[in-house]
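The values are calculated or read from the model by the stated rules, or taken from the named source; none is laboratory data. None of the values given here were measured: they were computed from a predicted structure. In this analysis, Cβ positions are derived from the backbone assuming ideal geometry, glycine residues included, and neighbour counts consider all displayed protein chains. Accessible surface areas use protein heavy atoms only, side chains included; no ligands, DNA or RNA. Shrake-Rupley method; radii C 1.70, N 1.55, O 1.52, S 1.80 Å.
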Amino acid sequence: MSNFNPQFQRIGDILVHNGIISQNDLTRALDDQKTSNEKIGAVLIKLGCINEDELIDAYSQQMGKKPIDLEEILKANLEVTALLSEDFAKEKNIVALNKSENSIIVVMSDPEDISTLDAVKKLTNLNPEIFISGSNNIKKALDILYSKIKKSGEVESAISSISIVKGDDETGEEVNLDKEEVSAEDAPFVKLVNLILLEAIKEGSTDIHIEPGRDEVKVRIRIDGVLVQIMSPPASSLNGIVARIKILSKLNIAEHRLPQDGRMKLKTSERDIDVRVSILPTVHGEKIVLRLLGSGNKTLTLQNLGFPDKKLKIFRKWINQPYGMVIISGPTGSGKSTTLYASLMEIMSEQINITTVEDPVEYQIPGINQVQMHDDIGLNFTASLRSILRQDPDVLLIGEIRDAETADIAVKFSLTGHLVFSTVHANDAPSTITRLLDLGIAPFLLGSSLNLIMAQRLVRTIDDSAKEEYIPSSDDLSKINLSSEKVKSTKFFRGRPTTDNHQTGYKGRTAIHEILEVNNDMRELIFDGSSQNNIKKLAIKNGMTSLRDAGIDKIKDGETTIEEVLRATVEDN
């Protein structure tokens, strides 16, 4: 047996020689094979004599090639993979990796499948060279590779249906990305920037970060409030990317030491997207952040913003009042503007004049008069608001109350019979009142004008197609202060990370709300300049649920996870 050469042996004999199976096992499998007509490897796996890895190992000895793992398969050249149709590849469990002039390299779990190899030869006119891997590895690789191929196909067709308005000013020239004349030297960067923009739009992301490092450029997009890396081109590509984006947003290409801000507009077949461009010099080069406004494709209605029925009823009651102030508070990116736009869409009618003053205008809504700030020419919130007073509005949306003058005008508007919507940066509903008083509004004016304050946060929702029940750790449960009775009656869910949900387990977001109604008792407290603590106690007595409790309700409903609620809210004290 010393001159045993596996490359001239049958699989069963190799397995016996390696001590994986006995001669009896092989005899039993050969008998079984006479009736089942399956391959000997499949029969041995079915009988429980070997596992898939042991069979792959034997095949690799027989062929004199080491098996390749999932990571190697995923490095396949997609253009070559696409030579075999997805249906054929999945049916035969085969991946085309690469090709040379005369041959095509394929990965199979069963290299004895001669009919498949013949079919590959006919389909491609190339001679197959075989590598071996486990069938589970191949199945996973097929899903990932063909979904990438589909994406790049969509990208190619999408590039032809997108155009950019340079600089997005009134005279902006429109650039069709498909047909623009560019030099051969710049062409790769043009294509790269197009790909980044299209991927971000397709994923419905809000921001694109292009971050220079020492060896590579990191490109990340914000999906559902969390950054996800989509590519990492080499550091040598940074200057080309920066130059291309500067050209599109009409910035100074020669200036590399100072921060710059610009804008452009993307036009796709479905919608127009305003892009704010911010460039910041860092030690490794210029970092670019692109803010995509109006890229979300969700219809703006209050129903799909995550309100529980009881809270929706309260919110609707106050946005339909003839006058007073409705304030939404929360940090940047907590969905304040989206909720305000949805409110305007709900109350919009022929009988009322709605005007907004924003910086920037995030969604353009037909039937509403929207005013965009231009600080550089002196058109700021206060200047616009004074003019709007003479425009006879019924409802006014002020993008943000950030200084005493704007706050003063907002209060006076609401006291003279107008309904005013606005946003304030504050941590929760009670601290919003303190924030407005800090801006210098007299307590009696504030108490008289406020109708409702709502604090809002966004939490990611579990991907329905990958949802699974699990038991959280006692540590996690103690962090959200759930009593043991409530834990027993609650089912906890999380999402499995998949390629479809960017390995996060989440898909989409929903809002959690803390609603403080300003009734007569609350007005008394505001008039008396009462402390934030007393305001909070009264609000809870009146039925306000805190942001943390609103998040826990979403956990109980199976919409989100403990981790998300802990990330988005602070503990009530």
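So here's what we get for this one:
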{"read-out": "Top-ranked residue of region 424-450 - restricted to ones that are assigned to a helix (DSSP H, G or I) and small (G, A, S), ranked as most open to solvent (accessible area, probe 1.4 Å)", "value": "S448"}
{"read-out": "Region 396-418: number of residues that are among the aliphatic types (A, V, I, L, M), more than 12 Å from S449 (Cα to Cα) and open to solvent by less than 10 Å² (accessible area, probe 1.4 Å)", "value": "4"}
{"read-out": "Residues satisfying the stated conditions in region 499-519, i.e. of a type outside the set (F, W, Y) and open to solvent by less than 40 Å² (accessible area, probe 1.4 Å)", "value": "N501, G505, G508, T510, A511, I512, H513, E514, I515, L516, V518"}
{"read-out": "2 or more residues under 19 Å from R276 (Cα atoms), of a type in the set (A, V, I, L, M) and open to solvent by less than 20 Å² (accessible area, probe 1.4 Å): qualifying strands (runs of 3 or more DSSP E) within region 183-262", "value": "207-212, 217-223"}
{"read-out": "K536, sole failed condition from (1) basic (K, R); (2) in a helix (DSSP H, G or I); (3) open to solvent by 60 Å² or more (accessible area, probe 1.4 Å)", "value": "(3)"}
{"read-out": "Scope region 58-72; condition in a loop (DSSP other than H, G, I, E, B) and out of contact with any helix residue (DSSP H, G or I) (no Cβ under 6 Å at 6 or more places or on another chain); matching residues", "value": "K65, I68, D69"}
{"read-out": "Hey, M522 under 26 Å from K313 (Cα atoms), open to solvent by less than 30 Å² (accessible area, probe 1.4 Å) and either outside any strand (DSSP E or B) or touching a Pro at 6+ places or on another chain (Cβ under 8 Å) (or both) or not", "value": "yes"}
{"read-out": "Scan of region 451-498 for residues that are within 30 Å of L525 (Cβ to Cβ), polar (S, T, N, Q) and surrounded by 13 or more Cβ atoms within 10 Å (Cβ to Cβ), ordered by number", "value": "N451, Q456"}
{"read-out": "Pair list, Cβ < 6 Å and 6+ apart or interchain, from region 89-101 residues that are of a type in the set (A, V, I, L, M) and part of a strand (DSSP E or B) to residues that are open to solvent by 20 Å² or more (accessible area, probe 1.4 Å) and at pLDDT 90 or above", "value": "L97/I105"}
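For (1) touching a Lys or Arg at 6+ places or on another chain (Cβ under 6 Å); (2) open to solvent by 80 Å² or more (accessible area, probe 1.4 Å); (3) at pLDDT 85 or above; (4) closer than 27 Å to N127 by Cα, each residue gets a yes or a no:
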{"residue": "E38", "(1), (2), (3), (4)": "no, no, no, yes"}
{"residue": "D53", "(1), (2), (3), (4)": "no, yes, no, yes"}
{"residue": "P67", "(1), (2), (3), (4)": "no, no, no, yes"}
{"residue": "I73", "(1), (2), (3), (4)": "no, no, yes, yes"}
{"residue": "A76", "(1), (2), (3), (4)": "no, no, yes, yes"}
{"residue": "V80", "(1), (2), (3), (4)": "yes, no, yes, yes"}
{"residue": "E91", "(1), (2), (3), (4)": "no, yes, yes, yes"}
{"residue": "V95", "(1), (2), (3), (4)": "no, no, yes, yes"}
{"residue": "V107", "(1), (2), (3), (4)": "no, no, yes, yes"}
